[in-house]
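Let me begin by handing over the structure; questions about it come next.
Nothing in this text is a laboratory measurement; each read-out follows from the coordinates by a stated rule. As the structure is a computational prediction, the values presented were derived from the model and not from experiment. Cβ atoms come from the backbone with ideal geometry, glycine included; neighbour counts cover every protein chain shown.
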């Protein structure tokens, strides 16, 4: 599996994870664009032509030469077979602005016929996306083949409107020579980690004011206690009651890790999982919580025999059962104006990213995890270290963030609370109260 490094990761993952919480501020950004005018290209391909809006990494202009070659080959084959001309519109690498612009364009009927959308906010786009069931049915693409957390975003057996092309997952990584049996509960984790930390081998997790840290460090522990981020009518899930207790427990566990000296306070500065790499490479880590791409990036940074040295397991929960983890990824919506362009755009996306062979080849080239469960059995998919463990967690424990615009404010407030506790600048109680007050 090809590693995702340097500018490739910066475009396709790092910027999303650092800015993802801000994407929910789409309403404000859209209002700004409306006031200032939108000079971006319009979609709406005429008969025989379609427009294609994509992040650069996922297109023919990808900085990953394997991705660029695969997508170009698929594009050329599609145009030759159908006679349809496809025009690429590269989305801004500023994902907040790109998604805000796209939402405005979709609401005005001007989005590119096939457009990439960050999956967790797809519910905000769903009302504008076209029904493409006729294309997916003919291609043998079914809703239940996607991982469970994706299925509501894809649609239903009677109406398909979204097409996820890849995914990721957060896991506990552990050194097998130091931790023969991975802990399942918070108590077990502390017990295992204390003697190792005394020797300079710590338990790490990202806890900076960014999106990947809360996907690694907050939501899995919070969800595993049966709590939800937002309730009916977008009510705050942790404002009171069991949800409040669950969030307080999660923040208190961060404090416990710092107090027990199994985790250094500098985790409060880690903005993405990759910020832990220097410690991992330096042999200063016994366990860490990070994204599925970490194994590939560890190899790319010179860590030898990753799969023989490290193992992966579900992120420990407070109880040691009822595990949860956070997942994401990009997907496509079809926003064409007429039926012919809708069919052509959907077929292009299916042929390039969704068909079993296509998704297998694309994800292999990109170093991603397939969004469809059946693709893992494809001979065209070459997984990396721990693919089986990732797949199991995606099927059993993965959840998606709520697609509500309110999530942006929630994410920002919890990022601040998490970082404050990790840096010891606030107690869990004070940090949570500040977050709730900010959101009230």
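Report, in deg cm²/dmol and to the nearest 500, the calculated mean residue ellipticity at 222 nm for the chain, where each DSSP H run with n ≥ 4 adds -39500 (n - 2.57) and the sum is divided by the residue count.
For the chain, the value works out to -12000 deg cm²/dmol.
Among (i) 0.97; (ii) 1.03; (iii) 0.95, which one is Rg/Rh (Cα atoms, Kirkwood Rh) computed from these coordinates?
After the calculation, the listed value that fits is (i).
Which part of region 88-126 falls in the paramagnetic zone of residue 337, meaning amide N under 15 Å from the point 7 Å along Cα-to-beta-carbon?
Within reach of a label on residue 337: 105-114.
Quick check: the angle from helix 387-396's long axis to the longest principal axis of the chain, C-alpha only, nearest 10 degrees?
Between helix and principal axis, roughly 90 degrees.
Picking from 111, 77, 324, which is most flexible by a Gaussian network model of the chain using Cα springs under 10 Å?
Greatest mean-square fluctuation among the candidates belongs to 77.
Compute the angle between helix 65-82 and the longest alpha-carbon principal axis of the chain, please, reported from 0 to 90 degrees and rounded to the nearest 10.
Relative to the chain, helix 65-82 is tipped by roughly 30 degrees.
Quick one: length gained pulling residue 156 to residue 433 fully straight, 0.36 nm per residue minus the C-alpha distance?
Stretched fully, the residue 156-residue 433 segment lengthens by 95.8 nm.
If you don't mind, another one. How much length is gained on full extension from residue 185 to residue 69, taking 0.36 nm per residue of separation minus their Cα-Cα distance?
Once the chain is fully extended between residue 185 and residue 69, it gains 37.3 nm.
Still on this structure, I have one more. Where is the GNM fluctuation largest for the chain (alpha-carbon springs, 10 angstrom cutoff): 177, 245, 187?
Looking only at 177, 245, 187, the biggest GNM fluctuation is shown by 177.
Another question, then. I'd like the distance between the alpha-carbon centres of region 274-289 and region 413-434, rounded to an integer number of Å.
Here the two parts' Cα centres lie 24 Å apart.
Please report 355, 274 as a ranked list, fewest other C-beta atoms within 10 angstrom at the top and most at the bottom.
355, 274
Another question, then. Which of 58, 253 comes first, and how do the rest follow, when ranked by fewest Cβ neighbours within 10 Å?
Going from sparsest to densest Cβ surroundings: 253, 58.
With springs connecting C-alpha atoms under 10 Å apart, model the chain as a Gaussian network and identify which of 81, 401, 110 has the largest mean-square fluctuation.
Highest fluctuation of the listed residues: 81.
For region 117-150 and region 54-112, what is the separation of their Cα centres, given in Å?
Using only Cα atoms to place each centre, the spacing works out to 17 Å.
Hey, another quick one. Can you sort 70, 149 by how many other beta carbons sit within 10 Å, fewest first?
70, 149
Expressed in nm to one decimal, what extension gain is obtained for the pair residue 322 and residue 259 from 0.36 nm per residue of sequence separation less their Cα-Cα distance?
20.1 nm
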